[in-house]
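The values are calculated or read from the model by the stated rules, or taken from the named source; none is laboratory data. Computed from a predicted model, the values in this text were never measured in an experiment. All Cβ positions, glycine included, derive from the backbone under ideal geometry; neighbour counts span all protein chains shown. Protein only, heavy atoms only, side chains kept; ligands, DNA and RNA dropped before computing areas. Shrake-Rupley method; radii C 1.70, N 1.55, O 1.52, S 1.80 Å.
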Amino acid sequence: MADTDMSPAAQEARRPLSPHLGIYKPMLTMMMSIIHRITGAGLYLGTLLLAWWLIAAATGPEAFATANWFLGSIIGRLILFGFTWALFTHMIGGIRHMIQDTGRAMEHPQREILAQLALWGGIILTILVWIIAYAVR
């Protein structure tokens with residue numbers, strides 16, 4: 001019996017399943033790729049916050065005072081801290097993807113090293129920038 005003689009349900013049952021997250025075990029490289037996408041989306045929101053601050057600065061002293069009050073609050077600082085982390089993590093993740101787009105660092109352990117650099121680099125640079133900002137302030 002040829003494949004064309006089979007019912008559609010029987011043909012569907014013979015198709016191979018595509019791998020998905022239920023099959024793959026999470027790896028650092030996979031998680032950093034997902035984090036790269038999440039931080040990219042977070043940067044959109046952070047850019048809106050930056051635009052609000054700039055527009056408030058151009059609008060007048062009252063609007064600027066309101067924006068500064070919010071950004072200076074604990075919630076505002078947490079948001080800015082997260083924005084800083086997203087910025088550095090996304091930047092280093094982009095460099096990682098650019099290197100791998102050239103065909104380099106695709107084998108183990110190089111790909112793991114790049115993923116760890118993206119993870120730790122984003123964390124270290126964020127903390128370093130905030131320490132410097134508070135020291136200068």
Rounded percent of accessible protein surface that carbon and sulfur make up, the stretch 28-137, 1.4 Å probe: 76
Residue-span extension gain [Ala9 to Ala63] - 0.36 nm each, minus C-alpha spacing: 13.1 nm
Equivalent ellipsoid, the chain (semi-axes from 5 times Cα gyration tensor eigenvalues, Å): 45, 22, 12
Per residue solvent-accessible surface (Å²) - the chain, probe of 1.4 Å: 73
For the stretch 78-118, convex hull volume per residue from C-alpha positions, Å³: 45
Computed [θ] at 222 nm, deg cm²/dmol, the chain (DSSP H ≥ 4; -39,500 (n - 2.57); rounded to nearest 500): -27000 deg cm²/dmol
The chain, dipole about Cα centre (Lys/Arg Cβ +1, Asp/Glu Cβ -1), debye to the nearest 20: 360
Cα Rg, Dmax (largest Cα-Cα span) when computed across the stretch 47-104, Å: 16.3, 53
Span-rule helices in the chain, defined as complete DSSP H runs reaching 20 Å or more along the axis (Cα) with Kyte mean at least 0.5: 28-59, 74-101, 110-136
